[in-house]
1. Nearest 20 debye, what's the magnitude of the dipole of the chain about its Cα centre given +1 on Lys and Arg Cβ and -1 on Asp and Glu Cβ?
2. Using modelled backbone amide H atoms (1.01 Å from N, in-plane), which distant-in-sequence or interchain residues come within less than 5 Å of residue 61's amide H?
3. Specify which residue in the list 39, 93, 72 is farthest towards the positive end of the charge dipole of segment 5-118, using unit charges on the beta carbon of Lys, Arg (+1) and Asp, Glu (-1), about the Cα centre.
4. Over the chain, with every protein chain in place, what whole percent of the accessible area is carbon and sulfur at 1.4 Å, could you tell me?
5. Please give the per residue accessible area of segment 5-118, computed with a probe of 1.4 Å over protein heavy atoms only, in Å².
6. Accessible surface of residue 13 in the full protein assembly, 1.4 angstrom probe, to the nearest 10 Å²?
7. Quote the accessible area belonging to residue 30 in square angstrom, nearest 10, computed with a 1.4 Å probe and with ligands, DNA and RNA left uncounted.
8. Could you compute Rg(Cα) / (2.2 N^0.38 Å) for segment 5-118, with N its residue count?
Amino acid sequence: MWWTAEEEKNQLRQQDCLFCNIVHGDMPSTEIYSDDQCMAFNDINPVANVHVLIVPRDHVTYLTGATEQHEQLLGHLMRVGARVARQTGISEGGYRLAMNQGVDAGQIVDHLHIHVLGGGLLDKLGTPLGPS
Ligand code: 5GP
Ligand code: ZN
């Protein structure tokens, strides 16, 4: 079976996935950084002065489902986090890289992503709100 380059690209894309649509340019976003593995753009509803999302170009739903083959990508996303922090001027003051996994953590977009948060003092991490 033969696929065109465009069709092959779409194998790694999940239809109706918000972040797949953004990285494929079918939904608008404010791009901060881009390379062949990932894209970073401003969060539409920022919870810090700087709030950027780093999203792999290929669809990965959950960290829980990541395998050995994702190790390079996950490391790359962290390094891009440090780069985005430098680029947005929050590196020196300090910043947080966070990934929400599943319902209790508040994951609402089921396409793995890292939040880059900074630009001022951040709240305490992981304060429990109650049972699920
Ligand atoms: P999660 O809670 O899944 O870890 O984070 C998803 C993030 O995506 C949220 O912070 C939310 O504000 C952001 N978000 C949701 N819809 C959009 C959108 O259409 N564009 C952008 N740029 N961010 C979005
Ligand atoms: Zn996706």
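The values are calculated or read from the model by the stated rules, or taken from the named source; none is laboratory data. Please read these numbers as outputs of a predicted model, since none were measured by experiment. A quick note on method: Cβ atoms are made from the backbone with ideal geometry, for glycine too, and the neighbour counts reach across all protein chains shown. Surface areas here come from the heavy atoms of the whole protein model, side chains and all, with no ligands, DNA or RNA. Shrake-Rupley method; radii C 1.70, N 1.55, O 1.52, S 1.80 Å.
1. Once rounded to the nearest 20, the dipole reads 500 debye.
2. Placed amide hydrogens put 112 under 5 Å from residue 61.
3. Sorting the options by dipole projection puts first 93.
4. Answer for the chain: carbon and sulfur cover 52 percent of the accessible area.
5. Spelled out: the 1.4 Å probe surface of segment 5-118, per residue, equals 58 Å².
6. 40
7. In the full protein context, residue 30 sits at about 80 Å².
8. After normalising by residue count via 2.2 N^0.38 Å, the value is 1.03.
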